[in-house]
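> One structure, pasted below without further comment.
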Amino acid sequence: MMRYQFADRVLAFDAARGPTMTVAKMFPATDDCFTGPELDAVPVSLLVETVAMAGGHLIVRATAGDRLPLLLKVEDAIVSGRVRPGETVTATVTLRGRTEDAGVAAAVGAEGELSVSGSFVLRCRLLYACVRVPGLNVREAIAS
């Protein structure tokens with residue numbers, strides 16, 4: 001079973017500002033995503049997923065860790081560049097709102113941006129459902 005990793009390392013986490021998280025990800029030329037028709041660029045779907053996964057990790061770090069963030073929606077995605085094999089991207093995500101806790105689930109909004117060498121590639125807004133799962137500690141599950 002292949003387990004794809006959407007963040008190689010966390011570059012920054014700021015609980016006070018937003019909160020906000022920045023992660024780095026390098027797409028090696030040997031990745032499966034480069035075996036299709038567009039061999040010279042990372043598929044946009046993987047770039048969006050990189051931003052979305054950074055948002056999920058941010059939610060886990062910024063909350064109590066007893067909620068599982070599930071991506072519901074990607075809105076207003078703007079793509080203005082390409083990512084080539086071997087390039088490292090940085091994805092920055094900021095939480096932008098949350099509904100009142102309804103006991104079982106809450107909705108959390110976020111904004112994300114992805115760049116390569118400081119050049120803008122993708123921007124989008126994200127919506128997550130954060131579901132309480134009895135007996136699950138999301139922080140421990142991610143660490144293992």
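The values are calculated or read from the model by the stated rules, or taken from the named source; none is laboratory data. What you are looking at is a predicted structure, and each value in this text was computed from that prediction instead of being measured. FYI the Cβ positions are ideal-geometry reconstructions off the backbone, even for glycines, and counts take in every protein chain you see.
> Which one is modelled with the highest pLDDT among residues in the range 38-63 that are under 17 Å from Met26 (Cβ atoms) and among the charged types (D, E, K, R)?
The residue in question is Glu49.
> What's the number of the condition Thr90 fails, among (1) crowded, with 17+ Cβ neighbours inside 10 Å; (2) touching a Gly at 6+ places or on another chain (Cβ under 9 Å); (3) under 13 Å from Gly55 (Cβ atoms); (4) not aromatic (Phe, Trp, Tyr)?
(3)
> Sticking with this one: What do you reckon, is Asp76 of a type in the set (D, E, K, R), at pLDDT below 90 and over 15 Å from Val23 (Cα atoms)? Break it down into steps so the answer makes sense when it comes.
Values: of a type in the set (D, E, K, R): yes; at pLDDT below 90: no; over 15 Å from Val23 (Cα atoms): yes.
Considered against the rule, which asks whether it is of a type in the set (D, E, K, R), at pLDDT below 90 and over 15 Å from Val23 (Cα atoms), Asp76 comes out as no.
> Here is a follow-up. Thr99 versus (1) closer than 30 Å to Thr30 by Cα; (2) among the hydroxyl-bearing types (Ser, Thr, Tyr); (3) more than 11 Å from the chain's Cα centre (by Cα): which is the lone unmet condition?
The failed condition is (1).
> Counting only residues that are farther than 18 Å from Val44 by Cβ and of a type in the set (D, E, K, R), how many does the range 81-136 have?
Going through the range 81-136 one residue at a time, the tally reaches 5.
> Exactly one of these conditions fails for His57: (1) surrounded by fewer than 16 Cβ atoms within 10 Å (Cβ to Cβ); (2) touching a residue at least 12 places away in the same chain (Cβ under 8 Å); (3) within 18 Å of the chain's Cα centre (by Cα). Give me its number.
If we test His57 against (1) surrounded by fewer than 16 Cβ atoms within 10 Å (Cβ to Cβ); (2) touching a residue at least 12 places away in the same chain (Cβ under 8 Å); (3) within 18 Å of the chain's Cα centre (by Cα), just (1) comes out false.
> Next up: Can you pull out the residues in the range 97-119 that are modelled with pLDDT of 90 or more, under 20 Å from Arg17 (Cβ atoms) and not charged (D, E, K, R)?
Once the filter is applied, which keeps residues that are modelled with pLDDT of 90 or more, under 20 Å from Arg17 (Cβ atoms) and not charged (D, E, K, R), the range 97-119 yields Val108, Gly109, Ala110, Gly112, Leu114, Ser115, Gly118.
> Right, next: With the checklist (1) touching a Cys at 6+ places or on another chain (Cβ under 9 Å); (2) buried (at least 18 other Cβ atoms within 10 Å of the Cβ); (3) within 13 Å of Ala52 (Cβ to Cβ) in hand, flag the one item Val74 doesn't pass.
It fails just one condition, (2).
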